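The structure under discussion appears below in the form of C-alpha cells.
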Amino acid sequence: MSTDSYRESAHELLQKAREEMAMGDVSQASEKGWGATAQMLKAIAQRDNIPHHSHAALARIASDVHQKTGEETIATWFAIAQNLHINFYEDNLSPEFVQIYLNQISLMVSRLERYLAET
C-alpha cells in the first residue's frame, strides 16, 4: 500500500469506529480505533521505507515520532490504541472509556497527519 492509501484507511477506520459506537458495538469500535492508529503509523513507515508489519514495529515507529517531535502525547496515544486493541479481545472497557479513547485516537490521527506534512 502507498502512504496515501494507509492514511485514507486510517480515516475510514476511524469513521467506522464512530459508526460501531453509535450501534453499540464497543468491541468492534475498539478494534477500528486500534486499526486507525496502526494505519497512520504504517503511512509514516511506508513514506520512510521502515518495516511495519508487526506490533513491535509499530511501537518503534511511534517511539521514533515521539523522539522527533518531543511530544509525550504520542506515547500516551499509542498506549490508548493498544488498550483498544486489547479490549477487542477482552471486552473489559466501558462504552464511556472507549468513546474517550476514540476521541484521543482522533487527535492522534490528526497529529500524525500534520507530522506527515511537516517532515
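The values are calculated or read from the model by the stated rules, or taken from the named source; none is laboratory data. A quick note: this is a predicted structure, and the numbers were derived from the prediction, not measured. All Cβ positions, even for glycine, are placed from backbone atoms using ideal geometry, and neighbour counts span all protein chains on display. Heads up: the accessible areas ignore ligands, DNA and RNA and are worked out on the full protein's heavy atoms, side chains in. Shrake-Rupley method; radii C 1.70, N 1.55, O 1.52, S 1.80 Å.
Hey, among the residues in region 1-16 that are of a type in the set (A, V, I, L, M, F, W, C) and out of contact with any Phe, Trp or Tyr (no Cβ under 9 Å at 6 or more places or on another chain), which one's farthest from Q82 (Cα to Cα)? Walk me through how you get there before you give the answer.
Step one: list which residues in region 1-16 are of a type in the set (A, V, I, L, M, F, W, C), which gives 1, 10, 13-14.
Adding the requirement that they be out of contact with any Phe, Trp or Tyr (no Cβ under 9 Å at 6 or more places or on another chain) leaves 1, 10, 14.
On the way: M1: 23, A10: 15, L14: 15 Å.
So the residue we want is M1.
Look through region 49-73, keep the residues that are within 20 Å of H11 (Cβ to Cβ) and in a helix (DSSP H, G or I), and return whichever of them is most open to solvent (accessible area, probe 1.4 Å). Break it down into steps so the answer makes sense when it comes.
Looking only at region 49-73, we keep the residues that are within 20 Å of H11 (Cβ to Cβ), and these are 52, 58, 61-62, 65, 73.
Then keep just the ones that are in a helix (DSSP H, G or I); that gives 58, 61-62, 65, 73.
On the way: L58: 8, I61: 3, A62: 6, V65: 3, T73: 64 Å².
Restricting to residues being within 20 Å of H11 (Cβ to Cβ) and in a helix (DSSP H, G or I), the top hit is T73.
The number of residues in region 78-92 being at pLDDT below 95 and of a type in the set (V, I, T) comes to 0.
Of the residues in region 93-106, none is touching a Phe, Trp or Tyr at 6+ places or on another chain (Cβ under 7 Å), part of a helix (DSSP H, G or I) and modelled with pLDDT under 95.
Just to be sure before I move on: is A117 of a type in the set (A, V, I, L, M) and either touching a strand residue (DSSP E or B) at 6+ places or on another chain (Cβ under 8 Å) or open to solvent by 80 Å² or more (accessible area, probe 1.4 Å) (or both) in the structure I sent? Don't jump to the end; show me each part of the working.
Working: of a type in the set (A, V, I, L, M): yes; either touching a strand residue (DSSP E or B) at 6+ places or on another chain (Cβ under 8 Å) or open to solvent by 80 Å² or more (accessible area, probe 1.4 Å) (or both): yes.
Judged against the criteria, A117 is a match.
Could you please let me know if S30 is more than 16 Å from D4 (Cβ to Cβ) and in contact (Cβ under 8 Å) with a residue 60 or more places away in the chain? Walk me through it before giving the result.
Details: more than 16 Å from D4 (Cβ to Cβ): yes; in contact (Cβ under 8 Å) with a residue 60 or more places away in the chain: yes.
So S30 fits the description; yes.
Looking at A56, is it under 27 Å from N92 (Cβ atoms) and at pLDDT 95 or above? No, not satisfied.
When the residues of region 95-107 are filtered to those that are in contact (Cβ under 8 Å) with a residue 24 or more places away in the chain and either farther than 21 Å from H11 by Cβ or among the β-branched types (V, I, T) (or both), which remaining residue is surrounded by the fewest Cβ atoms within 10 Å (Cβ to Cβ)?
Initially, region 95-107 is screened for residues in contact (Cβ under 8 Å) with a residue 24 or more places away in the chain, giving 95, 98-99, 101-102, 104-107.
From what's left, either farther than 21 Å from H11 by Cβ or among the β-branched types (V, I, T) (or both): 95, 98, 105.
Values: P95: 12, V98: 21, I105: 27.
That would be P95.
Residues in region 1-47 that are touching a His at 6+ places or on another chain (Cβ under 8 Å), more than 14 Å from V98 (Cβ to Cβ) and open to solvent by 10 Å² or more (accessible area, probe 1.4 Å): K42, Q46.
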